[in-house]
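K.L.:
Handing you this structure, nothing more for now.
The values are calculated or read from the model by the stated rules, or taken from the named source; none is laboratory data. What you are looking at is a predicted structure, and each value in this text was computed from that prediction instead of being measured. Because the Cβ atoms are built from the backbone with ideal geometry, glycine has one as well, and the counts that use them run over all protein chains shown.
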Amino acid sequence: MKYLAILLMSLLLSNISFADCAVSSKIALDFLNEYTKYSADVFGNETAGETEHWIVGNARLTPNFKKKYKKMVEDARKSDPELGLDFDPITDAQDFPAQGFEILDCDDRTNFVTLTGKNSDKFRVVVKVIRHNQFWLVDGAGAINIPDKLRIH
């Protein structure tokens, strides 16, 4: 009986850090589609605002993601005050598919979700989803907190 209880506990605990791909994929997809819509609205002058404020206020993102995004933007501004970043760190490109994204692949062991552009399957973004304070949140995307070997662009 003692061994059965230990086995049951180890099985339960082993699944705590892994999201079901349906969950992590939806989180990743919703975040990236909301982000690209917001970005398109800003660039199309339909929304006044700065992406950094949108990132900081986004409840789908971990504090780590927000910190790394902010540092990347600040470092780029220090390096080149006029231009700053010459690419979007989340899509890891200069632009993105206007129609949004769809799910291409998900690894339920690492919680890395690969998204591809609708009608643009060569445009791909990897998104990292983790468990943070009992919620599944985005902890990386594109150039932010994604290992180089997984980055698509």
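K.L.:
Suppose the filter is closer than 21 Å to H132 by Cα and at pLDDT 95 or above; does I27 pass it?
P.N.:
Against the criterion (closer than 21 Å to H132 by Cα and at pLDDT 95 or above), I27 qualifies.
K.L.:
Go through (1) closer than 19 Å to Y69 by Cα; (2) without any contact (Cβ under 8 Å) to a residue 60 or more places away in the chain; (3) in contact with a Lys or Arg (Cβ under 6 Å, 6 or more places away or on another chain) and name the single condition N145 misses.
P.N.:
(2) is the only condition that N145 fails.
K.L.:
I want to confirm something. Restricting to region 111-131 and keeping residues that are of a type in the set (D, E, K, R) and crowded, with 19+ Cβ neighbours inside 10 Å, which single residue is modelled with the lowest pLDDT?
P.N.:
Out of the qualifying residues, it is R124.
K.L.:
Also: Within region 84-110, take every residue that is more than 15 Å from the chain's Cα centre (by Cα) and closer than 18 Å to A143 by Cα and give me the one that is surrounded by the fewest Cβ atoms within 10 Å (Cβ to Cβ).
P.N.:
D86
K.L.:
Across region 50-66, what is the number of residues that are within 15 Å of K128 (Cβ to Cβ) and loosely packed, with under 13 Cβ neighbours inside 10 Å?
P.N.:
1
K.L.:
Moving on. For D108, indicate whether it is closer than 17 Å to D20 by Cβ and modelled with pLDDT under 95.
P.N.:
Yes: the conditions hold for D108.
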